[in-house]
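Contents: one structure, followed by commentary.
The values are calculated or read from the model by the stated rules, or taken from the named source; none is laboratory data. No experiment lies behind these values; they were computed from the predicted model shown. Here the Cβ positions follow ideal geometry from the backbone for every residue, glycine too, while neighbour counts run over all protein chains shown.
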Amino acid sequence: MATRIVQMALNQQQLELIDRTVASGVAADRAALVRHALRRYAARHLPPQDTNVRPDASARPNVAVG
Amino acid sequence: MAREVLHDFVLEPGTGKALEVRKGQIIRLEQIEGGQCLDFNCFNLHDYKEYFHTGRTRTLHGLHPTAGDFLWSAPPRERAMMFIAADTANANDVMFPRCSANLYESLYGFCTHTNCQDIQAEAQREYGLTPDDVHDSFNLFMCTGVDDKARPYITRQASKAGDYVDLLALMDVLAVPNICGADIMRTSNFSLKPARISILQATEEDLAAVPALPSWRTQRTVADFRQKQIRVERELSRDTSYVADFANAPIQTSLLDVPLDEEEQALFDRLKRSELYDGDGAALRDILFSWWEEEHLAR
Ligand SMILES: [Zn+2]
C-alpha cells in the first residue's frame, strides 16, 4: 500500500476541538479523525465517479485496505 | 387572556421617547396611518453599556428579523434582550444605520433636519446618556434589500394602519423608539406620521411562547471584566502598569502527520482547493474543519 503522509499545522485551539471530537467516539485518534472527515466530506461533495467509497466506509473496521 | 395596558400614547413626528420596559412587559409599536418607519434602540436598564447590537442580531436572524427572533446585545454580553412576539407587517431591517444630520446635510443641503441619531440622543438625554451612546437601531417598518451588486437599498413600504410589532422584554430595558426623520426618502413613503406606543403586561401565554435559550459562560458581565471602571475623562492616556493578558496567547502550532492510503489520496486530490492552498496540509485542514462545520453547525 502506497501511503502518503500529509503534515497538517494545527494550533492548540484546533487540536482542542479535534481532541474533543475524538473523545466523542467518532474516531480512534487525531489522524483517524482526519481520515474520517475526508471520507465523509468526499461522500457528500464529490460527484459519484470512479470511486465506490460509501459514506460510512471509515466507520467500519478494516475497510480501507490498499 | 387580555393584557393589562400599562402605558399608551401617540409618538409624534420629529420625536422619540425613552421608556422603561421591565422584564415581562411588551412594548407595542403600532402604525396609525401606515407607512411610517420607526427606529428602536434599547439598553440594559441597570447597565447601559449593554445595548442592542444589529451585528449579532443580523448574523443570527438575517437582514429582516421578525416574529420569533430575538434582539441581542453586543459582545461581550451577547444576551437576548427582547423577543419579537408579534409582527404583522414583516418589514424590519438591521442592515442600515440610523439616519443622521450629516446625511441630510451632505445629500440634501439641510442645516437642520429631523434624523434618528439626533432624535434618539434627545430622547435618551432624559436618562443622562450622551449622543455618543446612541447605537445603530432596529429599524421597524422599513423595506430594505440588497441589489445584484451587493449594495443595500431602501424602498417604499406597505405597512397599513393597525400594523404592529410587539417586543417582549427579557430583561429590564430602557427602550427608545423614535419616528424616523426621513421625509424626503422612500423609507416612510415621503412623509412623517405619528405612531402609537403601548406598554403591556405580558400574559402567561406570551411568556410561554418565548423559546427557551441556553445560557453560556461567555455571556459576560462586568464581574468578568479586568477593567470594570467606565472612563469619565475624554482624553486617553496609557496605563504604564499595563501587562497584556490575551487568552490562549501565544498561539502555538504543532504538526500532525496524517497517513492517507491510496483511496484516501484519490479523494483528497479531487477535493483539495489548490487555488487557495499551496500545501497539502492546509488543504487537508480545510477539509477537516469544513466537515466539522457541516457535522455540528446546523444552519
Ligand atoms: Zn431615520
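Any residue that is away from the ligand (no atom under 13 Å from the Cβ), within 30 Å of B:Ile230 (Cα to Cα) and in contact with a Gly (Cβ under 8 Å, 6 or more places away or on another chain) - is there at least one of those in region B:104-122?
Checked against the condition, which is being away from the ligand (no atom under 13 Å from the Cβ), within 30 Å of B:Ile230 (Cα to Cα) and in contact with a Gly (Cβ under 8 Å, 6 or more places away or on another chain), region B:104-122 yields at least one hit.
Would you please name the residue that is nearest to the other protein chains (Cβ to nearest Cβ), looking only at residues in region A:24-48 that are exposed (fewer than 14 other Cβ atoms within 10 Å of the Cβ) and over 23 Å from B:Ile251 (Cα atoms)? Spell out the reasoning first.
First, pick out the residues of region A:24-48 that are exposed (fewer than 14 other Cβ atoms within 10 Å of the Cβ): A:24-25, A:28-29, A:44, A:47-48.
Then drop every residue that is not over 23 Å from B:Ile251 (Cα atoms), which leaves A:24-25, A:28, A:44, A:47-48.
Numbers: A:Ser24: 10, A:Gly25: 13, A:Ala28: 13, A:Arg44: 7, A:Pro47: 9, A:Pro48: 12 Å.
The qualifying residue nearest to the other protein chains (Cβ to nearest Cβ) is A:Arg44.
Do we find that B:Ser254 is facing chain A (nearest Cβ under 10 Å), in contact with a helix residue (DSSP H, G or I) (Cβ under 9 Å, 6 or more places away or on another chain) and of a type in the set (S, T, N, Q) in this structure? If you could, list the steps in order and put the result at the bottom.
On the way: facing chain A (nearest Cβ under 10 Å): yes; in contact with a helix residue (DSSP H, G or I) (Cβ under 9 Å, 6 or more places away or on another chain): yes; of a type in the set (S, T, N, Q): yes.
Criteria met by B:Ser254.
Could you list all residues from region B:265-291 that are facing chain A (nearest Cβ under 7 Å) and crowded, with 17+ Cβ neighbours inside 10 Å?
Within region B:265-291, the first condition is being facing chain A (nearest Cβ under 7 Å), and the residues that meet it are B:265-268, B:270-271, B:280-281, B:284-285, B:287-288, B:290-291.
Matches in region B:265-291: B:Gln265, B:Ala266, B:Leu267, B:Phe268, B:Leu271, B:Asp280, B:Gly281, B:Leu284, B:Arg285, B:Ile287, B:Leu288, B:Trp291.
Those residues that are over 18 Å from the mean Cα position of the chain (by Cα) and surrounded by 17 or more Cβ atoms within 10 Å (Cβ to Cβ), I need them from region B:29-38; list them, please. Give the steps one after another, and end with the answer.
The initial filter retains those residues of region B:29-38 that are over 18 Å from the mean Cα position of the chain (by Cα), namely B:30-36.
Across region B:29-38, the qualifying residues are B:Glu30, B:Gln31, B:Gly34, B:Gly35, B:Gln36.
How many residues, within region B:119-134, are of a type in the set (Val, Ile, Thr) and assigned to a helix (DSSP H, G or I)?
At the first step, the residues of region B:119-134 found to be of a type in the set (Val, Ile, Thr) are B:119, B:130, B:134.
Subsequent filtering for residues that are assigned to a helix (DSSP H, G or I) retains B:119.
Count: 1.
State yes or no: is B:Leu29 under 21 Å from B:Phe141 (Cβ atoms), at pLDDT 95 or above, more than 16 Å from the ligand (Cβ to nearest atom) and aliphatic (A, V, I, L, M)?
Values: under 21 Å from B:Phe141 (Cβ atoms): yes; at pLDDT 95 or above: yes; more than 16 Å from the ligand (Cβ to nearest atom): no; aliphatic (A, V, I, L, M): yes.
Taking the combined requirement at face value, the residue does not satisfy it.
So which residues in region B:71-103 are touching a residue at least 12 places away in the same chain (Cβ under 8 Å), within 16 Å of the ligand (Cβ to nearest atom) and not small (Gly, Ala, Ser)? Break it down into steps so the answer makes sense when it comes.
First, the residues of region B:71-103 that are touching a residue at least 12 places away in the same chain (Cβ under 8 Å): B:71-101, B:103.
In the following step, the residues that additionally are within 16 Å of the ligand (Cβ to nearest atom) were identified as B:91-101, B:103.
Matches in region B:71-103: B:Asn92, B:Asp93, B:Val94, B:Met95, B:Phe96, B:Pro97, B:Arg98, B:Cys99, B:Leu103.
Taking only region B:192-221 into account, find how many residues are charged (D, E, K, R), away from the ligand (no atom under 16 Å from the Cβ) and farther than 19 Å from B:Ala86 by Cβ.
The qualifying residues number 2.
Looking at region B:145-191, which of its residues are away from the ligand (no atom under 13 Å from the Cβ), assigned to a strand (DSSP E or B) and over 21 Å from B:Asp133 (Cα atoms)?
Within region B:145-191, B:Gly145, B:Val146, B:Pro152, B:Tyr153, B:Thr155, B:Tyr164, B:Val165, B:Asp166, B:Leu167, B:Leu168 meet the criteria.
Which condition number does B:Glu262 fail, the rest of (1) closer than 26 Å to A:Gln12 by Cβ; (2) within 7 Å of chain A (Cβ to nearest Cβ) being met?
Only one criterion is unmet by B:Glu262, namely (1).
Quick check, is B:Arg234 assigned to a loop (DSSP other than H, G, I, E, B), without any contact (Cβ under 8 Å) to a residue 24 or more places away in the chain and either more than 10 Å from chain A (Cβ to nearest Cβ) or of a type outside the set (Phe, Trp, Tyr) (or both)? I'd like the intermediate steps shown before the answer.
Details: assigned to a loop (DSSP other than H, G, I, E, B): yes; without any contact (Cβ under 8 Å) to a residue 24 or more places away in the chain: yes; either more than 10 Å from chain A (Cβ to nearest Cβ) or of a type outside the set (Phe, Trp, Tyr) (or both): yes.
Yes: the conditions hold for B:Arg234.
Please give the number of the condition B:Arg220 fails out of (1) free of Cβ contacts under 8 Å to residues at least 12 places away in the same chain; (2) surrounded by 10 or more Cβ atoms within 10 Å (Cβ to Cβ).
Unmet for B:Arg220, out of (1) free of Cβ contacts under 8 Å to residues at least 12 places away in the same chain; (2) surrounded by 10 or more Cβ atoms within 10 Å (Cβ to Cβ): (1).
Under 18 Å from B:Cys37 (Cβ atoms), among the aliphatic types (A, V, I, L, M) and surrounded by 14 or more Cβ atoms within 10 Å (Cβ to Cβ) - does that describe any residue in region B:139-151?
Checked region B:139-151: at least one residue is under 18 Å from B:Cys37 (Cβ atoms), among the aliphatic types (A, V, I, L, M) and surrounded by 14 or more Cβ atoms within 10 Å (Cβ to Cβ).
Out of region B:123-144, which residues are in contact (Cβ under 8 Å) with a residue 60 or more places away in the chain and within 14 Å of the ligand (Cβ to nearest atom)?
The answer is B:Ala123, B:Val134, B:His135, B:Asp136, B:Ser137, B:Phe138, B:Asn139, B:Leu140, B:Phe141, B:Met142, B:Thr144.
What are the pairs with Cβ atoms under 8 angstrom where one residue, in region B:261-274, is modelled with pLDDT of 95 or more and the other, located anywhere, is in a loop (DSSP other than H, G, I, E, B) and crowded, with 17+ Cβ neighbours inside 10 Å? Sequence gap at least six, or different chains.
B:Asp261/A:Ala64; B:Glu263/A:Val53; B:Glu263/A:Ala64; B:Glu264/A:Ala64; B:Leu267/A:Val53
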